[in-house]
Each structure stands twice: as structure tokens, then as C-alpha cells.
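What follows is one structure encoded as C-alpha cells, with my remarks underneath.
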Amino acid sequence: MNTPKGLDQLVLERGLVAPETFARAQLVQEETGERLDAVLTRLGLVAEQTLANTIADATGFPIATPEDFPQEPVAAEMISTRFLRDVKAIPLAQTDSELRVAFTDPLDPYPLQALGFAADRKIAPMVGRTSDVEAALDRLYGSEQQTDGEDPNAADEADVERLKDLASDAPVVRLVNGLITRASESRASDIHIEPTDDSVKVRFRIDGALKEVETLPAHLKSALISRIKVMSSLDIAERRLPQDGRLRIAVRGHEIDLRVATSPTIHGETVVLRILDRSKLSLDFKSLGFEDAVLDPYLHAIRQPHGIVLVTGPTGSGKTTTLYASLATLNSPDRKILTIEDPIEYRLAGINQTQVKPQIGLTFAAALRSFLRQDPDVMMVGEIRDLETAEVAVQSALTGHTILSTLHTNDASSTVTRLLDMGVEPFLITSTLNAVLAQRLVRRLCPHCREEYTPSQAALHALSPDLAERSIERLYRPKGCPACDGTGFRGRLCVTELLEMTDEIARLVLARSEAREIQRAAVANSMRTMFADGLAKAQNGLTTIEEVLRATREV
């Protein structure tokens with residue numbers, strides 16, 4: 001394999017950027033003195049992962065994963081921290097004869113030769129992503145200005161000015177930006193920062209599952225959390241009460257929003273950052289996992305000139321995304337659409353969105369009443385939480401408006417009984433409720449590495465006695481490959497059931513029948529349950545039967 005002379009030549013040879021764009025990057029490099037790899041990724045011209053993959057392919061060097069980075073500095077007595085920062089390298093492990101090092105640019109021969117000379121060992125290069133290397137440098141070596149005798153707990157007792165100084169420290173800024181960048185590129189939906197007795201754990205939620213990605217030293221706790229508070233305009237001195245905020249940051253050339261929530265614990269404040277990346281929001285029902293058998297009647301229901309359509313499920317079941325997809329479908333110049341949300345997760349062009357503010361009396365019900373005076377066609381209410389909101393929604397539907405909202409119930413039929421329990425009269429429910437969509441999210445199998453298999457009857461019975469009674473000849477399971485980071489899953493999709501207000505269902509509602517009776521009648525009238533929808537998707541290789549059972553068996 002012929003190794004290219006340098007990173008600049010490799011970038012041009014592989015066509016990662018156009019020549020004229022590359023020329024601009026070189027000008028920025030000359031003006032700032034930054035390394036070329038840092039300029040390319042900071043400006044969003046090349047994704048970190050793409051650059052690392054290209055270098056690894058050209059050189060044959062392996063890519064350093066987060067698990068490769070050490071918990072303590074390696075060869076610290078032999079190598080200058082300032083030099084490591086300058087060349088963007090991190091020693092990973094050493095033996096008597098070899099030092100394994102991650103470089104953001106292993107094509108540059110100078111750092112390899114200098115480190116080999118300083119450590120008196122052969123250098124085994126690996127390719128490191130810029131954010132991984134910078135985060136490891138900050139975690140292992142801290143701030144360049146930090147003194148050896150500094151008390152790790154001093155920041156906890158510092159005043160506001162000290163906390164602001166910590167928050168503006170360059171390594172901490174890079175650490176926070178690096179975590180957000182890494183989470184975004186990993187397709188994470190949330191970042192969890194959790195202090196423990198002797199460290200700070202960082203976990204990402206990817207495809208609904210939490211994964212620990214970093215363990216930081218305890219002395220970074222105050223600086224890290226203070227930095228996030230400064231970015232999201234929270235009270236940096238308040239550590240006793242939960243706080244909520246929002247921030248916007250540019251990641252690789254495009255802006256993403258993050259919703260921030262802090263909460264006090266015995267070890268300090270925990271922080272959860274919800275990543276709201278509009279560029280990754282899919283508002284296409286097909287890509288969300290909707291089948292025609294559910295999608296066609298659902299679209300018919302939301303397009304009615306009046307009435308209520310409810311989307312139900314537990315927290316984290318994708319209800320808000322489904323509502324946004326519904327609004328995107330209905331959004332047209334001849335419709336006025338208003339929403340009242342808590343919180344507003346994504347900003348949708350052409351739709352008037354309002355955030356609830358209970359402290360000043362702007363509740364769901366109050367906003368909905370005010371909306372009626374603005375001549376809307378469609379109104380979306382974030383959640384029907386109480387009788388007052390339900391009554392205003394019903395009144396709005398009766399006066400010729402389309403209402404979209406959510407409710408926390410286990411399945412579609414339970415939604416009707418929930419409204420009855422709230423105090424809504426049965427005849428009002430049958431007059432206004434067009435349909436109820438219940439849904440759950442399951443992890444989507446990676447299409448590149450999924451494996452087909454024939455399950456045994458014993459295995460099916462062990463999973464669920466119901467499965468053993470069915471004729472199931474083909475299922476799929478995860479394997480793991482580079483495309484899915486070895487997890488076997490990539491993305492999520494919905495499993496759904498749709499309850500329509502037919503004459504039979506209306507008769508049962510008027511009789512205040514139990515949810516089980518309504519469910520039986522709906523299934524007899526060809527409603528496909530969430531379990532049946534999930535089983536079909538498992539047999540088609542979209543997910544696993546274990547995922548379907550996890551999401552639907554409590555229903």
C-alpha cells in the first residue's frame with residue numbers, strides 16, 4: 001500500500017473536498033496556525049468519522065475507539081503534555097518495546113519520530129478522531145494552567161466568579177463541545193452527565209439504549225456543569241434546585257438545539273442534554289415505520305374538517321414526532337395551524353408554536369381557549385392532562401376545528417376509558433373522537449449485518465407462549481458491523497395500532513364498556529394490535545422479536 005505524502009494530498013486525492021474549498025481551508029490554516037485536520041472538521045468540511053476512515057484506509061492503521069483510551073496518563077514522565085496538545089496525539093498503552101499512540105494525523109512523520117525518540121520505543125500509530133483525542137487530553141491532563149497542588153473539591157466551594165472562570169477554561173470548552181459533537185455524530189438522542197463519588201460518568205442514549213462512553217475525573221465536575229449552565233443561560237450559582245434551559249451550538253457546519261435539565265443529587269448535579277437536531281428529524285411516516293394499513297386511515301382521520309385525533313403511549317414512545325409528521329402533512333398555505341407545547345422540541349416553518357408558561361397562567365387549556373379567537377383550522381395540544389383541557393378540546397372539535405394531542409395510556413382502547421375517568425361525557429367522546437393511534441418505539445435492525453434464522457418451537461415458547469401457537473418460519477437477529485458500531489441496530493421505528501370510532505365502538509363507549517371489550521370489538525373489526533404489527537415487522541427483518549416483546553408485552 002502506497003501511503004500518501006501528507007493529509008493535504010490524501011484529502012484531494014480522495015475527493016473529500018473540492019479543490020477551491022480546500023484552498024479556503026488552507027487560508028484559514030495559515031491565519032489561525034491550526035492543524036489541517038482541525039480546520040477541516042471544525043469548519044464542517046469533512047466529518048470526523050469520514051476523515052478517520054479515509055486515513056485508516058490509506059495507511060492501514062486501526063481507528064482508536066473510546067475503549068482504547070486509558071484511564072490514567074501513559075508515559076507521562078517521558079513526554080511533554082504541551083507537545084501532545086500541539087500534535088494532537090495521545091499515548092494509549094506501552095510495553096518494553098512499543099508505545100501505542102492515537103494521532104489525529106498519523107500521516108505527519110514528525111510527531112511519530114519525536115515520540116519514538118522521547119519514549120525510546122517503537123511507535124504503533126492508530127487513527128484518532130479529533131474530538132476523542134482532545135477529550136482524552138483534557139480528561140487525562142486537565143487544564144494547562146492547573147497546578148499540581150490544587151484541591152479537586154475547591155471548585156465545589158468556589159464563588160460565582162470562580163465558577164465562571166472554570167466554565168470559560170479552554171480545555172473545558174473543548175470537552176463540552178467535543179461531547180456534544182461526538183453525541184451528534186453517534187446519533188445519540190441524549191447526553192447524561194452523572195457525578196459519582198470519585199468520577200463523572202458520561203452516557204449517551206443511542207437508539208433508545210444507554211451506553212457509557214466516558215469516565216471523567218471528579219475534579220472536572222464543577223467546571224463541566226458550570227460550562228453547560230453558562231451555555232444554556234441557567235443560574236450558575238444555584239445547585240440546590242432543578243433547572244431547565246436550552247442552548248444552540250454549531251456542530252460540523254450546521255446548528256443543533258439542545259434541551260438542558262439539571263437536578264441535584266448526593267454527589268452533585270446531574271445534567272441531561274436532549275439533542276434536537278432538525279436535520280435528523282424524519283417527518284416521513286414511511287421512514288417512521290407506518291404501514292399502509294395504519295397510515296391510510298390515520299391520514300383520513302387527521303384530514304377531517306373537525307374532530308380529535310389522539311396519539312398515545314408512554315414517555316419516549318415517539319408521540320411528539322408522530323404529531324410533528326402529522327402537522328407537516330397538514331401544513332399548507334390554506335390552513336392556519338397553532339400549537340401549544342411543553343416544551344417546543346422542534347421549530348416547524350409555517351406553523352405558529354407556543355410554549356406553555358403555567359407560572360403566568362398560560363396552560364394548555366388557557367392557550368387552547370385563546371387559539372379559538374384566532375380562526376385556526378388545526379390546533380395541536382402537547383398533552384391532555386386534565387378535565388379542563390379535555391373539555392376545551394372537545395368544545396373546539398364541536399365548533400369545527402381539528403385537534404391533535406397526546407395522552408398517556410397503554411393502548412388505544414384504554415384511551416377511551418381514560419377520557420371517561422377524567423369526566424368527559426360518553427356522547428361527547430363519540431361525537432368528537434375520530435381516531436386513537438397507540439405506538440411504541442423498537443430498535444431497527446442494521447440492514448447491513450442482520451442475520452436470518454428459523455426459530456425453534458421451544459425458543460418461541462420460551463419467549464412467549466403466544467408465539468408458539470403461531471406459524472413463524474423466519475425471524476432476524478442482530479450481528480454487528482462498522483455501519484452500526486457493532487450493536488446490530490441502527491435507528492428506531494414505530495409499532496402501532498389504530499382505533500377508529502366505528503358505530504360498534506361508539507355503542508360500547510356510550511355503554512361505558514371496559515377497555516378489554518372495546519379492544520376485542522376493534523380487533524374483530526380488523527384492527528391490527530401493536531404486537532401483531534411488531535411481529536410482522538420482525539418477520540420482515542426490520543426488528544427483532546425480542547424488541548417487539550419488550551415494547552408491547554405489557555400492553
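The values are calculated or read from the model by the stated rules, or taken from the named source; none is laboratory data. No experiment lies behind these values; they were computed from the predicted model shown. Virtual Cβ from ideal backbone geometry, glycine too; neighbours counted across all protein chains shown. For accessibility, only protein heavy atoms count, side chains too; no ligands or nucleic acids. Shrake-Rupley method; radii C 1.70, N 1.55, O 1.52, S 1.80 Å.
Summary of values
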read-out	value
Residue match in the stretch 437-455 (condition: at positive phi and not in a helix (DSSP H, G or I))	no
Residues of the stretch 460-477 satisfying the condition of being assigned to a helix (DSSP H, G or I) and at pLDDT 80 or above	460
Count of residues meeting criterion [touching a residue at least 24 places away in the same chain (Cβ under 8 Å), assigned to a helix (DSSP H, G or I) and open to solvent by 20 Å² or more (accessible area, probe 1.4 Å)] in the stretch 507-522	4
Positions within the stretch 418-445 being open to solvent by less than 20 Å² (accessible area, probe 1.4 Å) and under 30 Å from residue 478 (Cα atoms), in sequence order	437, 438, 439, 440, 442, 445
Count - residues of the stretch 308-349 that are farther than 13 Å from residue 383 by Cα and either assigned to a helix (DSSP H, G or I) or not charged (D, E, K, R) (or both)	20
Subset of the stretch 56-70 (residues that are assigned to a loop (DSSP other than H, G, I, E, B) and farther than 23 Å from residue 140 by Cβ)	60
Matching residues in the stretch 231-272 - criterion: being more than 22 Å from residue 188 (Cα to Cα), crowded, with 17+ Cβ neighbours inside 10 Å and among the charged types (D, E, K, R)	239
Condition check for residue 299: of a type outside the set (Val, Ile, Thr), surrounded by 20 or more Cβ atoms within 10 Å (Cβ to Cβ) and under 27 Å from residue 431 (Cα atoms)	no
Filtered residues of the stretch 197-246 (kept if free of Cβ contacts under 8 Å to residues at least 24 places away in the same chain, touching a Phe, Trp or Tyr at 6+ places or on another chain (Cβ under 9 Å) and of a type in the set (D, E, K, R))	211, 212
Unique residue being open to solvent by less than 30 Å² (accessible area, probe 1.4 Å), touching a Phe, Trp or Tyr at 6+ places or on another chain (Cβ under 8 Å) and either in a strand (DSSP E or B) or of a type in the set (Val, Ile, Thr) (or both) when the list is 415, 496, 409	496
Residue within the stretch 299-307 that is part of a helix (DSSP H, G or I), among the aliphatic types (A, V, I, L, M), under 26 Å from residue 419 (Cα atoms) and in contact (Cβ under 8 Å) with a residue 60 or more places away in the chain present	yes
Check on residue 319, in contact (Cβ under 8 Å) with a residue 60 or more places away in the chain, of a type outside the set (Gly, Ala, Ser) and open to solvent by 10 Å² or more (accessible area, probe 1.4 Å)	yes
Test set (1) open to solvent by 20 Å² or more (accessible area, probe 1.4 Å); (2) modelled with pLDDT of 90 or more; (3) more than 23 Å from residue 64 (Cβ to Cβ); (4) touching a helix residue (DSSP H, G or I) at 6+ places or on another chain (Cβ under 7 Å) - residue 194 fails condition number	(4)
Odd one out for residue 550 among (1) open to solvent by 90 Å² or more (accessible area, probe 1.4 Å); (2) within 33 Å of the chain's Cα centre (by Cα); (3) over 21 Å from residue 413 (Cα atoms)	(3)
Test: residue in the stretch 273-293 that is without any contact (Cβ under 8 Å) to a residue 24 or more places away in the chain, open to solvent by 40 Å² or more (accessible area, probe 1.4 Å), in a strand (DSSP E or B) and in contact with a helix residue (DSSP H, G or I) (Cβ under 9 Å, 6 or more places away or on another chain)	no
For residue 525: the one exception among (1) in contact (Cβ under 8 Å) with a residue 12 or more places away in the chain; (2) surrounded by 15 or more Cβ atoms within 10 Å (Cβ to Cβ)	(2)
